Amino acid sequence: MGNLNCAVLPHSLPALLLFLLSFIFGLSLSTELDFVTCGSVIKLLNIKHNVRLHSHDVRYGSGSGQQSVTGVTAVEDSNSYWSVRGTSDALCHRGTPVKCGQTIRLTHVNTGRNLHSHYFASPLSSNQEVSAFGDEGEGDHLDEWTVQCGGSVWKREEAVRFRHKATDALLSVTGEQYGRPIHGQREVHAMSNPSQHSLWKAMEGIFMKPSESPVGSRDYGHPHTEF
């Protein structure tokens, strides 16, 4: 299994719940919005390996010892939702399109920790480790990722890359798999060179429009500007 301490994962969040939220609060779940917006809660699919970016309250048994990040094939899993947020230096106002070249944070909804990277070795491939770090959405500058896309804004149908601002490495999956008890989950890491392994696409989720906020969502310390 590699150097990963494991636990039983929570049950999936039913897709019906998202549709109920859409109906009650007027949020966009379908093709109404063609682009990804700040404050949206989304799943990210690695299109090469067909796995969704995932995390859970399980720490690496080596490297940083921080919360692990993996890729999963399951579509309905509540541990694969991430909130699109701004940085401490540049707010990402709710409902505004994310621009190509914009630096963002991706906060894991269920644990409140940010997608993070640093110069520790990943447990299976010895590439650059990717973890989840922080508390209630607040971490440090190593939580910042630049969206690389081809136009002016991040389009929902477009394959994009996420470049780690501090180390210049790209969020990637190359297929290494963990064993029991999380058999089949893929290692997520960061690599210097762009390839098919570093292409991601926005999938299921709640796509925020201006001035909207899901009831019960965390504001992570920015109540009027961010999810």
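Remarks
- With all protein chains modelled, accessible area of Phe207 [1.4 Å, Å²]: 0 Å²
- Interchain or long-range residues, amide H under 5 Å from Thr96's placed H: Cys38
- Estimated FRET transfer efficiency when R0 is 22 angstrom, pair Val75-Gln196 (beta carbons, to 0.05): 0.55
- The 3J(HN,Hα) values that the Karplus relation (6.51, -1.76, 1.60; θ = phi - 60°) gives for region 136-146 are, in residue order, 6, x, 10, x, 8, 5, 7, 9, 9, 10, 9 Hz. Gly and Pro appear as x.
- Across region 83-92, rounded Karplus estimates of 3J(HN,Hα) from the backbone phi angles (6.51 cos²θ - 1.76 cosθ + 1.60, θ = phi - 60°) give 9, 8, 9, x, 9, 5, 9, 9, 5, 10 Hz, Gly and Pro being marked x.
- Pairwise label distance in nanometres, Asp57 with His93, each label 7 Å out on the Cα-Cβ vector: 3.6 nm
- Sorting Asp77, Asp140, Asp168 by solvent-accessible area of protein heavy atoms yields Asp168, Asp140, Asp77, largest first, with a 1.4 Å probe.
- Straight-distance candidates among the aspartates and glutamates for linking to Lys48, with alpha-carbon spacing under 18 Å and chain neighbours fewer than 8 residues away dropped: Glu157, Glu158, Glu176, Glu187, Glu204.
- Other-chain or far-sequence residues with amide H under 5 Å of Ser117's (modelled H): Ser131
- Whole-Hz couplings from phi, Karplus 6.51/-1.76/1.60, listed for region 202-207; x for Gly and Pro: 5, 10, 5, x, 10, 9
The values are calculated or read from the model by the stated rules, or taken from the named source; none is laboratory data. Model, not experiment: these values are computed from the prediction. Every residue, glycine among them, receives a Cβ derived from its backbone with ideal geometry; neighbour counts consider all protein chains shown. Side chains are part of the model used for accessible areas, which takes the heavy atoms of the whole protein and leaves out ligands, DNA and RNA. Shrake-Rupley method; radii C 1.70, N 1.55, O 1.52, S 1.80 Å.
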